[in-house]
Amino acid sequence: MANALQLSGFSGSQISLIRNTVAKDCNDQEFNLFFEAAKAYGLDPFRKQISALVFNKDKADKRQMAIIVSRDGYRVIAQRCKNYRPASEPAAIEYDKELVSPANPKGIVKATVKLWQQDNTGQWFPVIGEAYWDEFAPMKDAADDYDWVDTGETWADTGKPKKKKVPRGDSFKAVDGNWARMPVVMITKCAESQALRAGWPDQFGGVYAEEELHRAEADLTAADIVAQEAENSRIARIGGHGVLFSFDPSGVLENVPVGQAADRCVEFVGRSTQEEVYRWSVQNRAALAQFWAAAPGDALEVKKLLERKLEGFRQESAA
């Protein structure tokens, strides 16, 4: 234990403080994963450079932890890359006035951020990151008022009836919080994260800005409980929960039940090139580690498949 504490750079009391503050919602397994990530990335939880976000902490069948890196944390990692240069001009924002609505207060189509990377010859070339409003903004159902109605089901642990929120009158989509108050800042942060992940996948794979996860969080809480009850019950019986994977090159996250993760990974690997699989494995490093902890048997099969798929690619890269 002394060696582990020494290597971490934190004292025992500091680690205890992190557990009770920055990572207070984590269980033991989630905290271990978060703390190892903080060490690996060299980020300081006390400076809010890295944190843990637990989705659905009161629902065992949907619970998951995501590792969040703040904009300051992203830039700390980037500054360590000898071939990185920050944006030299403001983000380009594309607007469409016809899109102005409660779901898009300024009618933003997308934000584009241009960073710079140096190649082996010393030349600098742009690395572009794009974030589309419809892909990242956490739109939620809104209405003037709601009613709570029984679903006909009961909660297994308490026996109390399950209810769902039904809008009274016409409903519509809307954003709130910072996405409503400062939409340009929020979508620009997402675009910058996309650029960093595209240009430096080894450094930024598996970690996400909090703004990128707002959409995933909204999608999870807005899930139709009644329609998903059968699948959720099956997952609960095998002790599963969700893992935030990305099967999209843009980095958009998807909550994948543990019981479905192996099939989704196998399907992706089977239809993708070696380079695509390599980048995906780096991008989803934290998700794969979480999958391993939750379902080691299924994860082992995925690991073997990845090794077979990437064997020739790694040999060529080494040469």
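Ranked by the mean number of other Cβ atoms within 10 Å of their residues, highest first, the peptides 49-58, 278-287 come out as 278-287, 49-58.
With a Förster radius of 45 Å applied to the C-beta separation of Trp116 and Ala60, the computed FRET efficiency comes to 0.50.
Name the shape class, rounded, prolate or oblate, that the alpha-carbon gyration tensor gives for the range 1-108, where a ≥ b ≥ c are the square roots of its eigenvalues, rounded holds for a/c under 1.5, and otherwise prolate holds if a/b is larger than b/c and oblate otherwise. Judged from the Cα gyration tensor, the range 1-108 comes out oblate (a/c at least 1.5, b/c at or above a/b).
Packing around the peptides 263-276, 128-141, 176-189, taken as the average count of other Cβ atoms within 10 Å per residue, puts them in this order, highest first: 128-141, 176-189, 263-276.
May I ask you to compute the full-extension gain from Lys304 to Ser13, defined as 0.36 nm times their residue separation minus their alpha-carbon distance, rounded to one decimal in nm? Could you put the intermediate results ahead of the total?
Working: separation 291, 0.36 × 291 = 104.76 nm, distance 3.95 nm.
Gain on stretching Lys304 to Ser13: 100.8 nm.
Using a simple spin-label model with pseudo-atoms 7 Å out from Cα toward Cβ, Val184 and Asp141 lie 3.4 nm apart.
Quick one: if the Förster radius is 45 Å, what FRET efficiency do Trp148 and Phe46 give, using the C-beta to C-beta distance and rounding to 0.05? Can you show the working numbers first?
Details: r = 40 Å, r/R0 = 0.90.
Working from the Cβ atoms, E equals 0.65.
With both labels modelled 7 Å from their Cα along Cα-to-Cβ, the Lys82 to Glu98 distance reads 5.1 nm.
Output the pairs from Lys24/Lys48; Lys140/Lys164; Lys59/Lys162; Lys24/Lys303 with a Cα-Cα distance over 19 Å in this structure; if there are none, say none. Working shown, then result.
Values: Lys24/Lys48 14 Å; Lys140/Lys164 15 Å; Lys59/Lys162 13 Å; Lys24/Lys303 31 Å.
From the list (Lys24/Lys48; Lys140/Lys164; Lys59/Lys162; Lys24/Lys303), the Cα-Cα distance tops 19 Å for Lys24/Lys303.
Coordinate-derived values only; no laboratory data. This structure is a prediction, so every number in the text was calculated from the model and none was measured. Cβ atoms come from the backbone with ideal geometry, glycine included; neighbour counts cover every protein chain shown.
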